[in-house]
Each structure stands twice: as C-alpha cells, then as structure tokens.
1. Out of region 19-38, which residues are assigned to a loop (DSSP other than H, G, I, E, B) and open to solvent by 50 Å² or more (accessible area, probe 1.4 Å)?
2. Tally the residues that are in a loop (DSSP other than H, G, I, E, B) and β-branched (Val, Ile, Thr), restricting the search to region 97-133.
3. Quick one: how many residues across region 109-167 are over 19 Å from Ala206 (Cβ atoms), among the β-branched types (Val, Ile, Thr) and surrounded by fewer than 24 Cβ atoms within 10 Å (Cβ to Cβ)?
4. Filtering region 138-196 down to residues that are small (Gly, Ala, Ser) and in a helix (DSSP H, G or I), which residue is nearest to Gly293 (Cα to Cα)?
5. Of Asp59, Asp112, which residue is touching a residue at least 12 places away in the same chain (Cβ under 8 Å) and either in contact with a Lys or Arg (Cβ under 6 Å, 6 or more places away or on another chain) or not aliphatic (A, V, I, L, M) (or both)?
6. Do we have any residue at all in region 106-117 that's more than 10 Å from ligand 1 (Cβ to nearest atom) and among the polar types (S, T, N, Q)?
7. Within region 1-41, restricting attention to residues that are closer than 21 Å to Tyr270 by Cα, more than 16 Å from ligand 2 (Cβ to nearest atom) and not aliphatic (A, V, I, L, M), which residue is modelled with the highest pLDDT?
Amino acid sequence: MSEKLIDPIGRYRSGDFAEQRQEWPGLQREMEPVPDCGEASYVGTGRLAGRHALVTGGDSGIGRAAAIAFAREGAKVAINFHPREQPDADDLHALFAREGRDLTLLPGDLTDPDFCAQLVDDARERLGGLDLLVLNAGYQQAQKTIEDISHEQFDRTMKTNLYAMFWIAKRAVGSMPRESAIINTASVNSFNPSGEMLDYAASKGAIEIFTKGLAKQLAQRGIRVNAVAPGPVWTALQISGGQLEGGVRKFGQNTPLGRAGQPAELAGLYVALAEPGNSFTTGSIFGADGGTGVA
Ligand code: NAD
Ligand code: MG
C-alpha cells in the first residue's frame, strides 16, 4: 500500500452513484465506476509466501481483492466463480499474467454439493496443496416483504451463503495442514438485519455462529477460522438485485464515513487473518463497515 497518509473519507467517492442494474450475477467490468479491488494499489511484502489459497467468488468484488492481495503476498491462488462470470475471471487472469503470476480458474455452481467437493479436490491438486480457504461467495436479493421471497430465492440464498460453506469446509479440513486458515465473509447483517434482506441476513447470522463453532472444533488441529463482516461495499452483488429499486444511488452514504467502501479497503483484513503471525486469533468476526459499529 502507499506509504503516504490516506484520508479514509477522501480516498473514494462519497457522492451519488449512477442508478444501474444488471442481470444476476452481474459483471463488475460493466459497472460505473468499476469497483477498485486493489489492482493498481495493493503492494505485497511476502506475508503469504509458500501458501495455497482457494477463494470463492474470487472473480469480482471482495473475493477478487483478497485474491489479488494473497497473490502479491506470495500465495498461489485459485478462484471459484459462477460460469456466467467468466469475463470478470478472464480479466483477473490477464492481470495476473501481466504480473507473471498464475491464477487457477475453477468455475462452477456452488449450490451443487458434488461440485463443492470436486472444487476442493481440484484446488488442492492444481495448487499442490490447500492451506487457505476464503469462503466468500454470496447471494443477496432484496425484497420488501417476506411474501415477496420465493421458496427458490430462500433456498438459493441458503445454499450459496451457508450450505456451500459447510460443504466446502467439510471436504477441505481433513487434509488442511496445521497453520491453515479459513476466512469466511459474514456481513453487518450477521448482527443487525436489514428488513429487506430477511433470507440473506438469516444466512449471514448463521455464518457468524458457524465461524465461531468451527473455530472451536478445529483449534486443536491448528486450523484457525475467522470472518470479515463488511458493511456497504461497491460490488456487483449490489447492482444485480442486492438493493431495492432506486437503492443504488445513495448506496453507503448512511455510514459514519459517508460513503460506500471499495473491495480494496478490505484486502488487508483477509491477509491479516491468513498470515501465521496472528496465530492467537481464531473464532472472531472483524468488521469493515465505515464505522457503523455493528461488528
Ligand atoms: P460480488 O458479486 O463481486 O461477489 C459475490 C460472488 O459470489 C460472485 O462473484 C460469484 O462468483 C459468487 N457466487 C454467487 N453465487 C454463486 C454460485 N451459485 N456459484 C458460484 N459462485 C457464486 O459481490 P461482493 O460484495 O464482493 O460479495 C462477496 C461477499 O461479501 C458475499 O458473501 C457478500 O454477501 C459479502 N458482503 C458484501 C457486502 C457488500 O456491500 N458488497 C456487504 C456485506 C457482505
Ligand atoms: Mg462476480
């Protein structure tokens, strides 16, 4: 990161976003502005040299920021993403190639338990090991009332956000070495549900408890489990159904910092939770929410 002092308010835009909407899952390359995932700013110092990381939802947004940071810290990285997101994944692959790095692309639908198991096996094989797991993929569709939430939406939200986390972790932990780390993406909704995100918030609440419980289970195996709980961050999730109609323009302006976050601002937290120096930190949830005080 830059050595000069950075004003957290002035670092990114705090005015309105242009109202915009894409079909799910959305491509961040078509957003205005394109989210900043640290492509031009993240500087690594070898904190994850020799590590092997799988990042779900790694094509865009927060997962992409973590993938970039992990690679620049020296880790080998594989990303999972939905097949419809191939263009964003290709962009990231090209960025890695320009830097002389390899990025393993493992597309597939996380709502399928068989695919989740295969994903773990493929990542381990392609990377030559697996000791960092960032379980970050998420599905969020805002709806005004419970009557507006279809069975299919509720099911998809739970499968993507919670079941896939369970399926992947269950498959992975048996062969993860001591000093491995699992980092889940929770949300401010884990603690304080938005009324228009009932299914999403319920899944994120479960992720908070899953993180703390799994950390207790895995402590004696030397595997740490933590989570990051973001507030409003400018990503494709938000413009492909994550906000009610008209909710994009003022997105994030209700935080004490007065603006939405950018994925790049969260990357350092994922690195901190991955690096072996923070060996006493497990079973905790770390907020990155512009000061809302929720996490
Ligand atoms: P994003 O859209 O860039 O990333 C979400 C990713 O989830 C997608 O890129 C996609 O690859 C993956 N995904 C969803 N359904 C999938 C499926 N069926 N199969 C495979 N992959 C699938 O948005 P983001 O905001 O970076 O989201 C990352 C995480 O951050 C999510 O868990 C989200 O809930 C969480 N989060 C985001 C915000 C925010 O304001 N952006 C706030 C709190 C929490
Ligand atoms: Mg995406």
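The values are calculated or read from the model by the stated rules, or taken from the named source; none is laboratory data. Quick caveat: nothing in here was measured; it's all calculated off a predicted structure. Every residue, glycine among them, receives a Cβ derived from its backbone with ideal geometry; neighbour counts consider all protein chains shown. Each accessible area value is taken on the protein alone, full model and side chains, heavy atoms only, with ligands, DNA and RNA left out. Shrake-Rupley method; radii C 1.70, N 1.55, O 1.52, S 1.80 Å.
1. Quick first cut of region 19-38, residues assigned to a loop (DSSP other than H, G, I, E, B) only: 19-27, 31-38.
If the condition is that a residue be assigned to a loop (DSSP other than H, G, I, E, B) and open to solvent by 50 Å² or more (accessible area, probe 1.4 Å), then Glu19, Arg21, Glu23, Trp24, Glu32, Val34 are the ones that fit.
2. Initial filter on region 97-133 (in a loop (DSSP other than H, G, I, E, B)): 99-102, 108-112, 128-131.
Restricting the remaining residues to those that are β-branched (Val, Ile, Thr) gives 111.
Selection size over region 97-133: 1.
3. 1
4. Initial filter on region 138-196 (small (Gly, Ala, Ser)): 138, 142, 150, 164, 169, 172, 174-175, 180-181, 186-187, 190, 194-195.
With in a helix (DSSP H, G or I) added as a condition, the list becomes 164, 169, 172, 174-175, 190.
On the way: Ala164: 28, Ala169: 29, Ala172: 33, Gly174: 36, Ser175: 37, Ser190: 13 Å.
Restricting to residues being small (Gly, Ala, Ser) and in a helix (DSSP H, G or I), the top hit is Ser190.
5. On the way: Asp112 fails: touching a residue at least 12 places away in the same chain (Cβ under 8 Å).
After ruling out the rest, the residue left standing is Asp59.
6. no
7. Filtering region 1-41 for residues that are closer than 21 Å to Tyr270 by Cα, more than 16 Å from ligand 2 (Cβ to nearest atom) and not aliphatic (A, V, I, L, M), the one modelled with the highest pLDDT comes out as Ser41.
Here is a yes/no grid of residues against (1) out of contact with any strand residue (DSSP E or B) (no Cβ under 7 Å at 6 or more places or on another chain); (2) surrounded by fewer than 24 Cβ atoms within 10 Å (Cβ to Cβ); (3) of a type outside the set (A, V, I, L, M, F, W, C); (4) closer than 20 Å to Thr185 by Cα:
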position: Ala40; (1), (2), (3), (4): yes, yes, no, no
position: Ala65; (1), (2), (3), (4): yes, no, no, yes
position: Ala69; (1), (2), (3), (4): yes, no, no, yes
position: Ile79; (1), (2), (3), (4): no, no, no, yes
position: Pro83; (1), (2), (3), (4): no, yes, yes, no
